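Trainee: Here it is: the structure, laid out below.
The values are calculated or read from the model by the stated rules, or taken from the named source; none is laboratory data. The model shown is predicted, which means the values in this text are computed figures rather than measured ones. Note that we place each Cβ from the backbone using ideal geometry, even for glycine, and neighbour counts take in every protein chain shown.
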Amino acid sequence: MDNPLITVIVTAYCVESYLPRCIRSIQCQTYRNLEVIIVDDGSPDRCGEIADIYSREDDRIRVIHKENGGLADARNVALGEASGEYITFVDSDDFVNNDYVSTLYDILQESDSQISVTTLNPVNESDYTIKDTSRKNNVKIYSSDDAIISLFYQKGFDTSACGKLYAKSLFAEGIRFPKGYVYEDMATIYKLMIRCTRIAYLDYRSYNYLYRSGSIERSPFSKVKFDSCNQIVLQLEHYMSSTSSCIRNAVMCRIESLVFHVVLDIPMKEHFYTEQLYGIIKKYRRNVIIDHRARRKTRIACLLSYLGIGLLKGIFSLRGAL
């Protein structure tokens, strides 16, 4: 089928300063056959109003207004309404190059893959300078297992739902983002990859990811983060019990990376949360230390954890590095 319909899902909550740029970058796509679903997740600012203005100007844009339920819930609502043969997600504070969709679609079709992946280009809130985005032709085709291993070792792939194009059929049989989680992408993307025969990756920075102080990822420690981390670890441990040793090693590395990311944000006085997560670190740290494929920073953190988590916090912060 030539130029099939592709659905772009955008969820909006308290991002009125960024949403117009995001929408305009999608409107400017060289791939024109788009359905753009913007979910106003009960935003108290002007996000819903802004989305409605753009929808009146562009009949490809549809707006869903709903009560606040979080990022995962908003994406799931949009997935239930999506008509496209393919799906991509763009966070409302990010923006994409004008060939973002066409590039992802071309490499997916040329490789007969079910997911195509581009590289995230980080930009700062105070400096929107775009890094080198010159097109590279080094498309790499992964099997499902190899892609999952790269995903969990954090090499090439990122667990973000964004920067990827998915065959809509992958979301069949109830695969959705877990409502109420932080780090919901980590709990979901590998499940989609399991269903693939091929996954195409292109080292091309066509998705511009904004680092901003008000994002969920950079927000202070909370019980929601602790609970989400625990639930995702349990889910990944269940997955490890039924997969190959190579994938198990990669999953253990990603578990440690996630737990360090959370535990190093916990205030020193919150001993209960720290000890609970430190127990997970102790469970897998030896495996990660001897795994030469594991990320160097994660291996170092595991090694330093033998000194105790309090001393580890005092030595250095791994926030943003793991």
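Trainee: Residue check, TYR105 against (1) in contact (Cβ under 8 Å) with a residue 40 or more places away in the chain; (2) in contact with a Lys or Arg (Cβ under 7 Å, 6 or more places away or on another chain); (3) not in a loop (DSSP other than H, G, I, E, B), all met but one. Which one?
Mentor: The single condition TYR105 does not satisfy is (2).
Trainee: Go through segment 257-306 and report how many residues are touching a residue at least 60 places away in the same chain (Cβ under 8 Å) and not in a helix (DSSP H, G or I).
Mentor: Within segment 257-306, residues that are touching a residue at least 60 places away in the same chain (Cβ under 8 Å) and not in a helix (DSSP H, G or I) number 3.
Trainee: Identify, please: which residue in segment 108-137 is more than 20 Å from the chain's Cα centre (by Cα) and modelled with pLDDT of 95 or more and is, among those, surrounded by the fewest Cβ atoms within 10 Å (Cβ to Cβ)?
Mentor: Looking at the filtered set, the residue picked out is ASP112.
Trainee: I'm trying to understand the selection: among the residues of segment 190-212, which are in contact with a helix residue (DSSP H, G or I) (Cβ under 8 Å, 6 or more places away or on another chain), surrounded by fewer than 22 Cβ atoms within 10 Å (Cβ to Cβ) and not in a strand (DSSP E or B)?
Mentor: LEU192, ILE194, ARG195, CYS196, THR197, ARG198, listed by residue number.
Trainee: Just name the residue that is nearest to ILE289 (Cα to Cα) out of those in segment 161-173 that are part of a loop (DSSP other than H, G, I, E, B) and modelled with pLDDT of 95 or more.
Mentor: Looking at residues that are part of a loop (DSSP other than H, G, I, E, B) and modelled with pLDDT of 95 or more, I get ALA161.
Trainee: Next up: Test of understanding: among ILE64, ILE87, ILE37, which residue is surrounded by 17 or more Cβ atoms within 10 Å (Cβ to Cβ), in the same structural domain as PHE177 (by TED's automatic domain parsing), assigned to a strand (DSSP E or B) and over 20 Å from the mean Cα position of the chain (by Cα)?
Mentor: Criteria check complete, one pass: ILE64.
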